[in-house]
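Read through the structure below, which is laid out as structure tokens, and then see the notes.
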Amino acid sequence: MKLYELIKDRVKDPKGVISDSEMCLLNRRDFLFSETSAAKTFLGMYNALGVTYEMYSIIDFLFTCLCRVDSTSHLRIFQLSSTMTLPSLAMSVMFTDKVERIEMCLARENQKILPIDVYAKVLAKRFALQGDTGLHLSDIGNNEHAVDVLLCNSSNEAEVVSGFNAFRQVKKGLILIKGYGKFNAPNCGEITTAGGMNVHCTLAGFGFVLALR
Amino acid sequence: MKNKKTDKGIEDAIAISQQIDAHLKSENYGEAMIEAEKLVSMNRSPGLAYKGLVHLRKNELDFAEAALVESYQLNPKQHLALVNLIPVYLKKRDFKKAVAFGEEAYKIFPKNESVAINYAAALMQEQKYDQSLAIFNSLYDEKSPKLPILSGLISCYRSLFQTEKSDELLAFAERLFPDSQELVRLRADTFAERDPKNALSSFEKALKNSSDNVALKWNMSLVQLRLHKFDQGWSNYDNGLKPEVGKIGRPMPTLFNKSYMITDPNELDPMKWTIVVVEQGIGDQVLFFGCFREFLIDYPKTILISEKRMRSILSRSFSSCLLYPYGFGPLIDGNIRNTNGFIPLGCIQKKYRPSVDSYISNQTPYLIPDQEKTEKYRSKLLQKTGNKQLVGISWKGGYWERAQKTKTLELDYWESILQLKDYIFVSLQYGDVEREKNRMQGRYENLKWIDGIDFKADLDSWFALACACDRVVSVSTALVHFVGAAGKKVDLLLSDRGAPFIWGLEEKKAIAYRDITIHRKTPEVTIQEFFKSVANRIKHETL
């Protein structure tokens, strides 16, 4: 609540506040921090309740986009950045037994995962094994029946460029870029325009494009 | 020319409506639907209203709702849609909506009997008994009484504790309609608390003719449990999980609605993870935790889903168990291969508490308060009050209005107890107590009110404060379960209007906890005499 703490003496009795060090929304309810939030429950399982508001929002957004997958779905996660370890793990925890098949192409060096208990550890181990199924970045978009999810971070321009380029082939799925709205972060306007993509940038900070073909 | 065309259209629509009415009368729903579709293409709003009505008659409630809502949205004067939305929502057990549409319809058609009955039934479900009673009374004709109106009146009087009137009407109705199954059910419900043995035979009789009546089985389970027929009671108790029973049953948190539920603990694979979900009502929750340690021995891979305010107490009391928040609900399906799905906490009772003996042989305390806080509160209170005996008190209980009326014994009646000078009485009453606080101002120096702890939100501090007392005197409320489960001494005060099943019928000691003495008020003694006798017992007992 850093930003709100700076301004709280100047605002009159807001009915709800969403705030971190970069943004402050007044008169907005925040469902992400309630005890019914699946995103918060997941983050709690991995000792990660202190992550940014953007990360809470990313995980919740991924749950939202994929909440209707079922036992006929084939889900493929392409994690381009090691900073997107938590979102990849979140999808593994959320969807593994819900879909027919889940595959992961994880970044070369994943961030350290800190399971809070035995059960969270079991799921973390399963996640690590899912990254070993032979799925490669070159597979993006090559299976029209699969739902492809691409996760990148705007801090690495090359990663975003290759992500957008690859996403042009995707029939069903989404690309999510952490920090897309940050000042000086690459927006890759030429590539997205050429690919007929409109990147929606959220107030939480990430951008995304959906493929619904 | 144009007018002639319009007139012809209206005439055609009326003719089709008449045909639909005729088909509905002869229960020819297929033909009625064909005609309704024709009407939809001519005039959408009335057509949809008829379509909705056909679906309603066929008990296709989702389709009925969709058609009727659209019809009403297209034309707010589409009364056919409006009046039929009430039974749709009654059947869907969405009573708030049934009341909302009922209110609208009743304003327009106050003399329409079916509108009035449906509206009154919805009001009753929302526990607005006075309003419901007024409507049923306005419809009641003593010379030619109708069963639905009599049933409504009996239920209202029973809910308002006007037992004489409900008994009188029930006997009258039974003479008029001796074969009515509805009256057998009503008799069972009417006597469920007052005369459970009589009620049980009525339930059994009613179930002979409608063995799949979930609501009946749910009500019967509470009677069976009250009579300590735990074996059958716990099995029927699971009917409270079904949507037909609704919110007065055992509704699970909605986040778990889509997940796989197991109700028989014997079906759980101990090698897999088991998710146990707590139930609404923290009193029942604490009672059900009575066998949780035994469960954890059999199923060590257990994840307990609980509300935030219970977490510190539960993690202290059941340290071997993982504790997750409600947000885990949507994650279950993604992990169904390594879990058993979820089991509601109430469902594990059938395995571990099938008899009175199983309760009595397991009366060891199982809830652990925060010792540091307990000692801090105790020494502070003793310091302030001159080292007298501390007695925690609570006089209000129940969540539902009817339960509140059953359980509550207003503080004004507590005079005989509060006059015991050797004790300091600590209010442990949750919720708004300002009214009582103001009324008691200056009347009893030994009655203490604790500021700075939110008894509803900060359960851990409330529990510690209760455990800081030497004993607790309370009506049937969550407090009794908490301190009972901690092994503290409790005097439980029960009114003569009924009590939760676990307190049984005549026992003087609770079966589920080590040290709860039950004081039952009977209709033969006045409330003042009752409190005087409790005060005498406290006075003459060595703590």
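With both partners inside chain B, how many of the DSSP beta bridges are antiparallel, as a percent to the nearest 5? Of all bridge pairs located within chain B, approximately 5 percent are antiparallel.
I'd like the trypsin sites (Lys or Arg not before Pro) in the range B:376-415 restricted to DSSP loop residues with at most 16 other Cβ atoms within 10 Å, sorted by number.
Details: sites: B:376, B:378, B:380, B:384, B:388, B:396, B:402, B:405, B:407; in loops: B:388, B:396.
Here the sparse-neighbourhood loop sites are B:388.
When the trypsin sites (Lys or Arg not before Pro) in the range B:170-220 are filtered for DSSP coil states and for at most 16 other beta-carbon atoms within 10 Å of their beta-carbon, the remaining sites are B:194. Considering only Cα-Cα distances, which of the following residue pairs are longer than 21 Å: B:508/B:539; B:96/B:247; B:77/B:97; B:25/B:58; A:15/B:97? Beyond 21 Å: A:15/B:97. Taking chain A as a Gaussian network, where each spring joins two C-alpha atoms under 10 Å apart, which residue of A:77, A:59, A:116 fluctuates the most? In this elastic network of chain A, the residue with the biggest mean-square fluctuation among A:77, A:59, A:116 is A:116.
Only helices enter the 222 nm calculation for chain A: every DSSP H run of n ≥ 4 contributes -39,500 (n - 2.57), and dividing by all residues gives -9500 deg cm²/dmol, rounded to 500. Ordered by the number of other Cβ atoms lying within 10 Å of each residue's own Cβ, fewest first, B:467, A:201, A:67 fall into the sequence A:67, A:201, B:467.
With respect to chain B, whose longest principal axis is taken over its alpha-carbon atoms, helix B:147-159 is tilted by about 20°. Computed over the range B:1-150, the P(r) curve from all C-alpha pair distances, binned at 5 Å from the origin, holds 2, 10, 17, 18, 17, 14, 10, 6, 3, 1, 1, 0 percent per bin.
On C-alpha positions alone, give me the angle between the axis of helix B:113-125 and the longest principal axis of chain B, in degrees, nearest 10. It works out to around 20 degrees. For residue B:425, the residues whose modelled amide H falls within less than 5 Å of its own, excluding neighbours fewer than 5 places apart on the same chain, are B:391, B:447, B:448.
Quick check on chain B: helices-only [θ] at 222 nm, where DSSP H runs of length 4 and up contribute -39,500 (n - 2.57) each and the sum goes over total residues. Nearest 500, please.
On the way: 26 runs with 284 residues, N = 543.
One gets -16000 deg cm²/dmol as the mean residue ellipticity at 222 nm.
Taking amide H positions as modeled 1.01 Å from N, with prolines and chain starts lacking one, the residues under 5 Å from residue B:261 and 5 or more places away or on another chain are B:342. Electrostatic bookkeeping for residue B:14 treats Lys and Arg as +1 and Asp and Glu as -1; over the other residues with beta carbon under 14 Å from its beta carbon, the sum is -3.
Take every DSSP beta bridge with both residues inside chain A and express the antiparallel ones as a percent of the total, to the nearest 5. Expressed as a percentage, antiparallel bridges in chain A total about 40.
Rank these for me by crowding, B:519, B:55, B:23, going from fewest to most other beta carbons within 10 Å. Could the numbers behind the result be given before it?
Details: B:519 16, B:55 23, B:23 20.
Lowest to highest Cβ neighbour count: B:519, B:23, B:55.
The order of A:3, B:390, going from fewest to most other C-beta atoms within 10 Å of their C-beta, is A:3, B:390. Between residue B:100 and residue B:126, the contour length at 0.36 nm per residue exceeds the Cα-Cα span by 8.3 nm.
Counting Lys and Arg as +1 and Asp and Glu as -1 over every other residue whose Cβ lies under 13 Å from the Cβ of residue B:319, the net charge comes to +2. Using a Cα-Cα cut-off of under 19 Å, which aspartates and glutamates could be cross-linked to residue B:488, ignoring same-chain neighbours fewer than 8 residues away? Within reach: B:284, B:370, B:372, B:375, B:460, B:470, B:507, B:515, B:541. Segment residue B:383..residue B:37, full-extension length gain: 116.5 nm, with 0.36 nm per residue of separation and the alpha-carbon distance subtracted.
By the scheme Lys and Arg +1, Asp and Glu -1, what is the net charge of all other residues having a beta-carbon under 13 Å from that of residue B:302? Before the final figure, lay out the partial values.
Values: positive: B:272, B:293, B:301; negative: A:117, B:269, B:294, B:298.
Once positives and negatives cancel, what remains is -1.
Straight-line cross-link reach from residue B:509 at under 12 Å between alpha-carbon atoms covers these aspartates and glutamates, not counting any fewer than eight positions away in the same chain: B:491. Here the gap between residue B:28 and residue B:536, fully extended at 0.36 nm per residue and compared with their Cα-Cα distance, gives a gain of 175.8 nm.
With a threshold of 24 Å on the Cα-Cα distance, the over-threshold entries among B:217/B:489; B:376/B:456; B:165/B:197 are B:217/B:489. For residue A:147, the amide hydrogen comes within under 5 Å of the amide hydrogens of A:74, A:75, A:76, counting only partners 5 or more places away or on other chains and with H modelled in the peptide plane. Excluding same-chain neighbours fewer than eight residues apart, the lysines reachable from residue B:272 by a Cα-Cα span under 29 Å are A:40, A:98, A:112, A:121, A:125, B:242, B:258, B:301, B:308, B:350, B:351. For the range A:149-164, 3J(HN,Hα) computed residue by residue from phi via the Karplus equation (6.51, -1.76, 1.60; θ = phi - 60°) reads 10, 10, 10, 10, 10, 5, 5, 10, 4, 4, 5, 5, 4, 5, x, 4 Hz, glycine and proline entered as x.
Please figure out what share of the DSSP beta bridges in the range B:371-540 is antiparallel and state it in percent, rounded to the nearest 5. Write out the running numbers ahead of the final one.
Details: 1 of 22 bridges.
Within the range B:371-540, antiparallel bridges account for around 5 percent of the total.
Bear in mind these aren't lab numbers, they're just calculated from the coordinates by the rules spelled out. Bear in mind that the values here come from a model prediction, so they are computed numbers and not experimental data. Every residue, glycine as well, gets a Cβ built from its backbone with ideal geometry; the counts of neighbours run over all protein chains shown.
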